[in-house]
Amino acid sequence: MTNKNALITGITGQDGAYLSQLLLSKGYKVHGILARRSTDTLWRLRELGIADEVILLDGDLTDLSSLIRAMEASKADEVYNLGAQSFVGSSWQQPLLTAQVDGVGALNVLEAVRIVNPKGRFYQASTSEMFGLIQAEQQDETTPFYPRSPYGVAKLMAHWATVNYRESFAMHASSGILFNHESPLRGIEFVTRKVTDAVARIKLGLQKELRLGNIDAKRDWGFAGDYVEAMWLMLQQEQGDDYVVATGQTTTVRRMCEIAFGHAGLTMDQHLVIDEKFFRPAEVDVLLGNPAKANAKLGWRPKTSLEDLIVMMLDADLRRLSRG
């Protein structure tokens, strides 16, 4: 057990909730920055039974002064920047907001750490979307980036800012280039949760169809609960570095749908509708990560298969909907 302090931006999101649970289990005092912009932001923390165990501090990624105050109040030894406008589709409709929150916001957190506690350890939530138009069949830490969305572009700025602060100021700063990771706590706007929620509703007679865009897009999907362990492991190393976190296996959206409909005992072709409005302006067709470095240096490996993940998510949605 430890007596360290952690500060998490995006603590009310999927990854923030699972990371909080992990750090609490290790004896950390967990602080989270809460941007008070929406209602019922704490449902994920409540779902994991830890809402009363974390300390919430008012702040915003676009407000450096609030981040400095949060650093001072938390006395953070480790800072995890998970906060973002994280829905790729929305980034075309809100490119400037996405750039400010995901790109400049990360720079603000780095500055707050540098000003208040330059010996603190920093984690940046990078993303496989930075690879975009892939330059290699399987992507690792040396693969060139080619983002295909405003989200990917903003995240690439944050990623390189992390590298720059590590090299310029000798900060312990690491980036986790995480491939798609899902869970029952995933937002409804993401395709995996959109699928499991819709299949649960169809099973319960609450709706009749599921409308999707490009179901032949391929992704490397893992379980968020496994991936937050990799985040923590990065900050336990002697030096900061960049790591790809992935399963090393790719699956189509179509196959993911087949797993969900099959588990519910439904025939997919009777309910799935392809809708052109869900196609992206610039599609990322395939993402496949190579986690060899994380395997070797962190000793990290994913524990949950895609089949088990989709079943976990669908069963959770069935329970939620059944109890209203």
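Out of (1) surrounded by fewer than 23 Cβ atoms within 10 Å (Cβ to Cβ); (2) at pLDDT 95 or above; (3) in contact with a Leu (Cβ under 7 Å, 6 or more places away or on another chain), the odd one out for Leu34 is which? If we test Leu34 against (1) surrounded by fewer than 23 Cβ atoms within 10 Å (Cβ to Cβ); (2) at pLDDT 95 or above; (3) in contact with a Leu (Cβ under 7 Å, 6 or more places away or on another chain), just (2) comes out false. For Asp269, indicate whether it is farther than 24 Å from Ala17 by Cβ and of a type in the set (D, E, K, R). Yes. For the stretch 10-19, the criterion of a residue being farther than 21 Å from Ala158 by Cα, in the same structural domain as Leu156 (by TED's automatic domain parsing), outside any strand (DSSP E or B) and touching a Pro at 6+ places or on another chain (Cβ under 9 Å) is satisfied by no position. Looking across the stretch 145-183, the residues that are part of a helix (DSSP H, G or I) and touching a Gly at 6+ places or on another chain (Cβ under 7 Å) come down to Gly152, Ala154, Met157, Ala158, Arg166. Only one of the numbered conditions (1) under 24 Å from Leu107 (Cα atoms); (2) small (Gly, Ala, Ser); (3) part of a loop (DSSP other than H, G, I, E, B) is violated by Ala6, and that is (3). When residues in the stretch 136-168 are screened for being out of contact with any helix residue (DSSP H, G or I) (no Cβ under 6 Å at 6 or more places or on another chain), among the aromatic types (Phe, Trp, Tyr) and closer than 19 Å to Val109 by Cβ, 1 of them pass. If you filter the stretch 161-202 down to residues that are over 19 Å from Tyr80 (Cα atoms) and of a type in the set (D, E, K, R), you find that the one that is modelled with the lowest pLDDT is Glu189. The set of residues in the stretch 56-87 being surrounded by fewer than 18 Cβ atoms within 10 Å (Cβ to Cβ) and touching a Lys or Arg at 6+ places or on another chain (Cβ under 7 Å) consists of Asp58 alone. Residue count for the stretch 100-144 satisfying the condition of being surrounded by 20 or more Cβ atoms within 10 Å (Cβ to Cβ), among the hydrophobic types (A, V, I, L, M, F, W, C) and either assigned to a loop (DSSP other than H, G, I, E, B) or in the same structural domain as Phe279 (by TED's automatic domain parsing) (or both): 1.
Taken over the stretch 200-230, the residue count meeting the criterion of being in contact with an Asp or Glu (Cβ under 8 Å, 6 or more places away or on another chain) and either within 23 Å of Ala17 (Cα to Cα) or among the hydrophobic types (A, V, I, L, M, F, W, C) (or both) is 10. When Ala161 is tested against the conditions (1) assigned by TED's automatic domain parsing to the domain that holds Ile33; (2) surrounded by fewer than 24 Cβ atoms within 10 Å (Cβ to Cβ); (3) within 15 Å of the chain's Cα centre (by Cα), the lone failure is (3).
Put simply, of Val109, Val113, Val101, Val199 the only residue that is under 23 Å from Ile33 (Cα atoms), over 19 Å from the mean Cα position of the chain (by Cα) and among the β-branched types (Val, Ile, Thr) is Val113.
The values are calculated or read from the model by the stated rules, or taken from the named source; none is laboratory data. Keep in mind that what you see is a predicted model, and the values were worked out from it rather than measured. Ideal geometry is used to build each Cβ from the backbone, glycine not excepted, and the neighbour counts take in all protein chains shown.
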